[in-house]
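K.L.:
The structure's right below; bear with me while I get my questions together.
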Amino acid sequence: MFALADCNNFYASCEKVFNPSIGLRPVVVLSNNDGCVIARSAEAKRLGIPMGAPAFKIEEMIRKYDIAVFSSNFELYGDMSQRVMNILSRFTPDLEIYSIDEAFLSLTGFEHLNLIDYGHKIRETLKQGTGIAVGVGIAPTKTLAKAANVYAKKNGSGVWFVYEKTDIDKLLRWLPISDVWGIGRKHSSRLENAGIKTAYDFVTKMSEEIVLKRMTITGVRTWKELKGIKCIPLEKFPPSKKSIATTRSFGHMVENYDKLIESVTTFASSCASKLRASRLAAGQIMVFIHTNSFRKDLDQYAQNRVLTLPVPTSDSLELIQYAQKALKDIFKEGYQYKKAGVIVSALVNENKIQQDMFDRIDREKHKNLMNAMDEVTKRFGKNSIKIASQGLGKRTWHMNQQNLSKRYTTRWDEIIEVKI
DNA sequence: TCTGGGGTCCTAGGACCC
DNA sequence: TCTGGGGTCCTAGGACCC
């Protein structure tokens, strides 16, 4: 048996926990650059604000309904997520942290318990420990647990449990095909056109062969899981990463090559510290840049370049060198750039690096330098030490974040104040 | 004026090997 | 008229997730 615990409107809920005066005002959280809506409180959903709505298109609603608007504060959400996961780990020996706001719990061996009561206990403990509401779906497969979770949230019970065939069938008849975990926009619209409207239609009207042909092996897994056949195991230890990325849209469009170098340097440096934090090294680096594809009135250009490193590395200085070289290759004068990014791949464990016989870099020395940089950052905070080519002036390419809340749980100088 | 960021997996087709 | 068999690796594109 699996339970899926999924936080309700996670980012919006995090903001509400630390701003109780919001009360019943609707809350939305915006993406980086204050671009579009990435989280909505229940009240905001009720107003009909769609997920992904560009902020400038809902300005009038924001005024009209006195909506509380927040820039995304990932330091806060990340820390709250850890608190949630810590509490969840009390309820099972086998926890899979599936995303920032949800986790699968193996409940195998817990069948003697009343699992509905157990689900409620999880909910209450989390609410008390973090202030965040969570929905719990319990079922024999992960895909069914997901489905039960959707139902628990929609019907307001908070916990839903299915095991008997009649209960599973009832759930599948209710579940819209587009809400099935693993069936996205493309497949659901194709299926709907073919008269497959619910999960029940999907498992009863379609054969395994047809599903395989149209939706590949992943579709078959979903199909079987909905029938109660376990295909997707719990992953207690997440497999190590295959790529790491830092990409950003700019607050203002950038034409200037030097400013673009500053941004790409910053992104490469960020990838390097992420690599070191995971004890990984990258064998490849990709840099991409592109113009604003929404601006049909402007000339468009998009390009990327992949470079292979002679020896896998997590060294900021080295990755920056290659990133700058890649950028130089693809940069074209005369365009207004809106977004750039660095993606490192071909990742290997840092102690399994294949050396190069003709390597001229003193890697030991560089490693010590990186350790020193990481220590300074740890003690004095992000951006307390930078590579000069990241730029020392005003970061004109930097993103807009006008409604950023404080990092209440991770910075002493931003700790919550209670006024009596 | 303003439209996010970070990931994974699968398949087909081409290039290449012996 | 006839044109092998059995593989691997890489990449782009498409689908999905949060």
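Quick note: the coordinates plus some simple rules give every number you see, no bench work behind them. Remember, it's a predicted structure, so these values are computed and weren't measured experimentally. Don't worry about glycine lacking a Cβ; one is built from the backbone with ideal geometry, like all the others, and counts go over all protein chains shown.
K.L.:
If amide H atoms are built 1.01 Å from N in the plane of the peptide, which residues on other chains or at least 5 residues away come under 5 Å of the amide H of A:Leu347?
P.N.:
The list, which skips near neighbours in sequence, is A:Gly283.
K.L.:
Under 24 Å between alpha carbons, and skipping anything fewer than 8 positions from A:Lys64 in its own chain: which lysines qualify?
P.N.:
A:Lys16, A:Lys45
K.L.:
Can you give me the orientation-averaged projected area of the convex hull built on the Cα atoms of the range A:2-154, in nm²?
P.N.:
9.1
K.L.:
Between A:Thr216 and A:Ser405, what is the FRET efficiency for a Förster distance of 45 Å, r being their Cβ-Cβ separation, to the nearest 0.05?
P.N.:
For R0 = 45 Å, the calculated efficiency reads 0.60.
K.L.:
Turning to a different aspect of this structure: Return the loop-located trypsin sites (Lys or Arg not before Pro) in the range A:278-322 (DSSP other than H, G, I, E, B) with at most 15 other Cβ atoms within 10 Å of their own Cβ; answer none if there are none.
P.N.:
Details: sites: A:Arg279, A:Arg295, A:Lys296, A:Arg305; in loops: A:Arg279, A:Arg295, A:Lys296.
Of the trypsin sites (Lys or Arg not before Pro), the ones in loops of the range A:278-322 whose Cβ has at most 15 other Cβ atoms within 10 Å are A:Arg279, A:Arg295, A:Lys296.
K.L.:
Tell me which GluC sites (Glu not before Pro) from the range A:350-420 have a DSSP coil assignment and no more than 11 other beta carbons within 10 Å of their own.
P.N.:
Passing sites in the range A:350-420 are A:Glu417.
K.L.:
On to the next question. Long-range amide H contacts for A:Ala194: which residues qualify at under 5 Å (H placed 1.01 Å from N, peptide plane, sequence gap of 5 or more or a different chain)?
P.N.:
Amide H neighbours of A:Ala194, under 5 Å, 5+ apart: none.
K.L.:
Under a point-charge model restricted to the Cβ atoms of Lys and Arg (+1) and Asp and Glu (-1), what is the dipole moment magnitude of chain A relative to its Cα centre, in debye to the nearest 20? Intermediate results must be reported in sequence, preceding the final value.
P.N.:
Numbers: 62 positive and 45 negative charges, 97 e Å.
That gives a dipole near 460 debye.
K.L.:
Also, I was wondering about something else. Beyond a 22 Å Cα-Cα separation, which of these cross-linked pairs lie in this structure: A:Lys154/A:Lys406; A:Lys153/A:Lys213; A:Lys197/A:Lys236; A:Lys186/A:Lys224; A:Lys259/A:Lys325?
P.N.:
In this structure, A:Lys154/A:Lys406; A:Lys153/A:Lys213; A:Lys197/A:Lys236 lie more than 22 Å apart at Cα.
K.L.:
Still on this structure: How large is the convex hull of the C-alpha atoms of chain A per residue, in Å³?
P.N.:
194
K.L.:
Given 0.36 nm per residue, what is the gain on full extension from A:Arg25 to A:Phe380 after removing their alpha carbon distance, in nm?
P.N.:
Length gained, A:Arg25 through A:Phe380: 124.1 nm.
K.L.:
Per 0.36 nm of contour for each residue apart, how much would the distance between A:Lys236 and A:His366 grow if the chain were fully extended, relative to their Cα-Cα spacing?
P.N.:
43.3 nm
K.L.:
So what J values fall out for the range A:126-132 if you push phi through Karplus, 6.51 cos²θ - 1.76 cosθ + 1.60 with θ = phi - 60°, rounded to Hz, Gly and Pro as x?
P.N.:
So the J values, rounded to whole Hz, are 5, 5, 5, x, 10, x, 10.
K.L.:
When the Karplus curve 6.51 cos²θ - 1.76 cosθ + 1.60 is applied with θ = phi - 60°, which whole-Hz ³J(HN,Hα) does each residue of the range A:406-415 get, with x for Gly and Pro?
P.N.:
After applying 6.51 cos²θ - 1.76 cosθ + 1.60, I find 7, 8, 4, 9, 10, 10, 4, 7, 10, 4 Hz.
K.L.:
So for the range A:273-417, averaging the separation of alpha carbon pairs under 8 Å that are six or more residues apart and normalising by length, what relative contact order in percent results?
P.N.:
Across the range A:273-417, relative contact order equals 25 percent.
K.L.:
Also: For the range A:185-273, run through the GluC sites (Glu not before Pro) and keep only the ones in DSSP coil with at most 16 other Cβ atoms within 10 Å of their Cβ.
P.N.:
Within the range A:185-273, the qualifying GluC sites (Glu not before Pro) (loop, at most 16 other Cβ atoms within 10 Å) are A:Glu235, A:Glu255.
K.L.:
Based on the Cβ-Cβ distance of A:Ser157 and A:Lys197, what FRET efficiency does E = 1/(1 + (r/R0)^6) give at R0 = 25 Å, to the nearest 0.05? Each step should come with its number before you reach the end.
P.N.:
Values: r = 24 Å, r/R0 = 0.95.
That pair, A:Ser157 with A:Lys197, gives E of 0.55.
K.L.:
For a quick check, take a GNM of chain A with Cα springs below 10 Å and name the residue from A:Met357, A:Met253, A:Met80 with the largest mean-square fluctuation.
P.N.:
Answer for the Gaussian network model of chain A: A:Met357.
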